[in-house]
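Working notes for the structure below.
A short reminder: the numbers here are calculations on the coordinates, not readings from a lab. None of the values given here were measured: they were computed from a predicted structure. Glycine gets a Cβ as well: all are built from the backbone with ideal geometry, and neighbour counts include every protein chain shown.
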Amino acid sequence: MRIIGIDPGLARVGYGIIEIENEKKILLDCGVIETGKDKKEEDRLYEIFQDLHELINHWNPTAAAVEKFFFYRSSTTISVVQARGVIMMVLASKKIDVSEYSPAQIKLTIAGSGKASKKDILDAVMYSLDLQKPPKPDDSADALAIALTKLNEDGFN
């Protein structure tokens, strides 16, 4: 099984790709799709579309896990929701099964508490994937936590 975890955003979309091989979780890739603030919003959304399409074509994940977005009163809310829509559209076009998780679900599954800190989540990701160094940037670590939530839900603890 190969899964892609995605932390949606407009400026930065975090991603993490994990494979299960002989019951072991192996980190294949992680990083961010970054879009420039100097570009028009529609161009940034299209960049996310293209880059995610390319990433999926390269790694061929069999499943995806995406963080659910909760509405906050923020000037970026609509943009993030639009970026998430683009992400969901790309996954659907590739016929990839998608699971969605709230931030509290991710924290509870990964660190044992729905109110876990960023550090708790990072420590759990590093432990689960046997990493010596934390994944950078933070958005990619968050994406790995999202992917690990799906794997734990599927019984790969």
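General remarks:
- The gain in end-to-end length when the Lys119 to Ala11 segment is fully stretched comes to 36.6 nm, 0.36 nm per residue minus the alpha carbon separation.
- Counting neighbouring Cβ atoms within 10 Å and putting the fewest first, the residues Lys115, Lys39 line up as Lys115, Lys39.
- Pair Met88, Leu28: separation of 7 Å Cα→Cβ label points (nm): 2.5 nm
- C-alpha center-to-center spacing [the stretch 3-81, the stretch 86-111] in angstrom: 10 Å
- Label zone of Lys68 (point 7 Å out along Cα→Cβ, amide N under 12 Å): in the stretch 102-143 this covers 102-106.
- Close amide H pairs (under 5 Å, H built 1.01 Å from N) link Lys68 with Tyr101, Ser102, residues at least 5 positions away or on another chain.
- Model label sites at Ser79 and Glu21, defined 7 Å from Cα along the beta-carbon direction, differ in position by 3.9 nm.
- Gained length - Gln50 relative to Lys37, 0.36 nm times residue gap less alpha-carbon distance: 3.0 nm
- Radius of gyration and maximum dimension Dmax of the chain, Cα, Å: 14.7, 45
- Dipole of the chain, positive end: most advanced residue of Ala141, Met89, Ala116 [Cβ charges, Cα centre]: Ala116
- The chain, dipole about Cα centre (Lys/Arg Cβ +1, Asp/Glu Cβ -1), debye to the nearest 20: 380 debye
- Dipole of the chain [Lys/Arg +1, Asp/Glu -1 at C-beta], most positive-end residue of Gly9, Thr77, Ile20: Thr77
- Relative contact order of the chain, defined on C-alpha pairs under 8 angstrom at six or more residues apart (%): 32 percent
- The Cα atoms of the stretch 54-137 give a gyration tensor whose axes a ≥ b ≥ c have a/c of 1.5 or more with a/b no greater than b/c, which makes the shape oblate.
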